[in-house]
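Remarks on the structure that follows.
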Amino acid sequence: MKSELKRNQFTFGLGTVGRDMLYSLVSMYLIFYLTDVMQHPDSVLWWLTGILLAARIFDAVNDPIMGVIVDNTRSRFGKFKPWIAAGALFTGFFTILMFTDFGLRKTAYLIYFAVIYFFWDISFTANDIGYWSMLPSLSMDQKEREKIGAFARICADAGLFAVVVGIVPVTQALGNYFGSMTKAYFVFAVAITVIMWAGQCITLFGVRELKGVFKTESKTTLKEMFKVIFQNDQLLYTTISMALFMIGYVTTTSFGIYYFKYAYGDENMYSTFALILGVTQITALAVFPVFSRYFDRRKLYTGATVLVIAGYILFFVSPMNMVFIGIAGVTVFLGEAFIQILMLMFLADTIEYGQWKLGKRNDSVTLSLQPFINKIGGAIASGIVGVTVIISGISSAASKEDVTERGLYILKMSMFVLPLLLIVAGYLIYRQKYRIDDKMFRQIVSDLKARGDISLEE
């Protein structure tokens, strides 16, 4: 049993490395690619910002529908893996096209970008829903889920920060070699796509799901999808809390390269800073299981939120000195790492709660809300970043000297103050509304066994 847990822990987790490298490239740096590499004028950037916002919101809304499709899938390979495979293949293909410069500009580029991004979103949705929906089927034990989830988040963050740390020096080196930054980003996108495909193969061929545990259920209708989402109160509160956190988190991280280029004045320091934060976040995720042995989830969430608050305040008031900026960044990302894994566990536990309350399991519909939240967060964050760089004057600036004090203040308010307010709001909702603690979860599992909804060996 332990060997099976280890196998799943590693093969499931390693699949996230390339996925999050690719997703980070698109969610965090696509807007930078459009503004500073492709150098579209403000008139086009307004349209691109609107397209990104509309496409991501549209796709996010479709996530629960994809969850219904996955839940209703019956195949010899299970219900998750076919969508993981197809989604990975096409996501990689459309990512490469997104970072390919065919010489199109203005209206022609806007049409091309809208079509490619639309299909990229659909492909990533299929992969993402299938991937994370599989997690609860790997174990029915909360602590085992935490181990699998924590390692997956470690791998995901390793992928994320590999991109964050590497994007400036690698693309600059590639740009010098090819004589073009557009070619540099194309090669970078191709490399990340190959890594993503390799990681997904590890998951597809390595993960072993629980067999004979869950009873066969009737197919879920679209009407039942709304019941799953809105009548599962714990799922609803978790979704709202998680969405507020993700909007704040992604907004801050998306501003990173702009902050170091136009506020700090040295774009190259961004990679050093990102490396420090990456090590911090991965270390925090690695030690999370240790802390979870001694503190319950409520105490861990409270402590993490306190760290985030302290870090954001220090970020806002600190001078442009790497010592202060580094301390602030480490403090924020320590707290955010813990919140990330806690949110995933809260969401996973609402599956059994929903089955207990509503009589049907619906793994994929429930877990579809994670990518829904991530995409809504990414969409709103992209909108915030796009509007901020335009109204602050950063979009037309060449260096720090071209940004006014007013422009810098607008950047800091959008990057630090707004995200802090959102993250605190998410915490307060959790404190007031979430009630699935260890005791309640054990009772839920016991009741499900007694009803014959799950079959677990003692």
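The values are calculated or read from the model by the stated rules, or taken from the named source; none is laboratory data. Predicted, not measured: the structure shown is a model, and the values here were computed from it. Counting neighbours? That spans all protein chains shown, and the Cβs are built from the backbone with ideal geometry, glycine included.
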Which of the residues belonging to the stretch 73-88 are touching a Gly at 6+ places or on another chain (Cβ under 7 Å) and in a loop (DSSP other than H, G, I, E, B)? Phe80
Okay, helices (runs of 4 or more DSSP H) sitting entirely in the stretch 281-398 with 1 or more residues that are at pLDDT 90 or above and under 23 Å from the mean Cα position of the chain (by Cα), I get 297-317, 322-358, 369-391
Any residue in the stretch 114-129 that is within 19 Å of Phe99 (Cα to Cα) and without any contact (Cβ under 8 Å) to a residue 24 or more places away in the chain sitting within a Cβ distance under 8 Å of a residue that is of a type outside the set (Phe, Trp, Tyr) and surrounded by fewer than 23 Cβ atoms within 10 Å (Cβ to Cβ)? List the pairs, counting only those 6 or more apart or interchain. Ile116/Leu97; Ile116/Met98
Considering each of Thr107, Thr125, Thr182 in turn, give the residue that is under 30 Å from Phe372 (Cβ atoms) and among the β-branched types (Val, Ile, Thr). Thr125
Can you name the residue in the stretch 408-436 that is part of a helix (DSSP H, G or I) and of a type in the set (Phe, Trp, Tyr) and is also farthest from Tyr249 (Cα to Cα) among such residues? Tyr409
Just to be sure I understand the filter: pairs with C-beta atoms under 7 Å, separated by 6 or more residues or on different chains, first member in the stretch 2-14 and in a helix (DSSP H, G or I), second member among the basic types (Lys, Arg) and surrounded by 18 or more Cβ atoms within 10 Å (Cβ to Cβ). Which pairs pass? Gln9/Lys147
Give the residue, chosen from Gly149, Gly166, that is in a helix (DSSP H, G or I) and more than 21 Å from Ala348 (Cα to Cα). Gly166
Which count do you get for residues in the stretch 15-51 that are farther than 22 Å from Phe186 by Cα and in contact (Cβ under 8 Å) with a residue 24 or more places away in the chain? 4
In the set Ile410, Ile394, Ile376, the lone residue that is over 26 Å from Ile325 (Cα atoms) and either in contact with a Gly (Cβ under 8 Å, 6 or more places away or on another chain) or surrounded by 15 or more Cβ atoms within 10 Å (Cβ to Cβ) (or both) is Ile376
Give the stretch 199-235 a look and list any residue that's at pLDDT below 90, surrounded by fewer than 16 Cβ atoms within 10 Å (Cβ to Cβ) and in a helix (DSSP H, G or I), or say none. Leu222, Lys223, Phe226, Phe230, Gln231
Candidate set: the stretch 94-140, residues that are within 22 Å of the chain's Cα centre (by Cα) and in a loop (DSSP other than H, G, I, E, B); chosen: the one farthest from Leu344 (Cα to Cα): Phe99
Lone qualifier among Tyr301, Tyr264, Tyr294 - being hydroxyl-bearing (Ser, Thr, Tyr) and either in contact with a Ser or Thr (Cβ under 8 Å, 6 or more places away or on another chain) or surrounded by fewer than 14 Cβ atoms within 10 Å (Cβ to Cβ) (or both): Tyr294
Of everything in the stretch 66-83, what is out of contact with any Ser or Thr (no Cβ under 7 Å at 6 or more places or on another chain), β-branched (Val, Ile, Thr) and at pLDDT 85 or above? Give them in sequence order. Ile69
Inside the stretch 441-458, can you point out the residues that are touching a residue at least 24 places away in the same chain (Cβ under 8 Å) and either assigned to a helix (DSSP H, G or I) or polar (S, T, N, Q) (or both)? Phe441, Ile444, Val445, Asp447, Leu448, Ser455
Selection from the stretch 62-84 of residues touching a Lys or Arg at 6+ places or on another chain (Cβ under 7 Å) and of a type in the set (A, V, I, L, M, F, W, C) yields Val70
Spot the failing condition for Ile57; the list is (1) aliphatic (A, V, I, L, M); (2) more than 30 Å from Lys183 (Cβ to Cβ); (3) in contact with a Leu (Cβ under 6 Å, 6 or more places away or on another chain), and only one is missed. (3)
May I ask you to verify whether Thr91 is more than 25 Å from Glu224 (Cβ to Cβ), at pLDDT 90 or above, assigned to a helix (DSSP H, G or I) and under 16 Å from the mean Cα position of the chain (by Cα)? yes
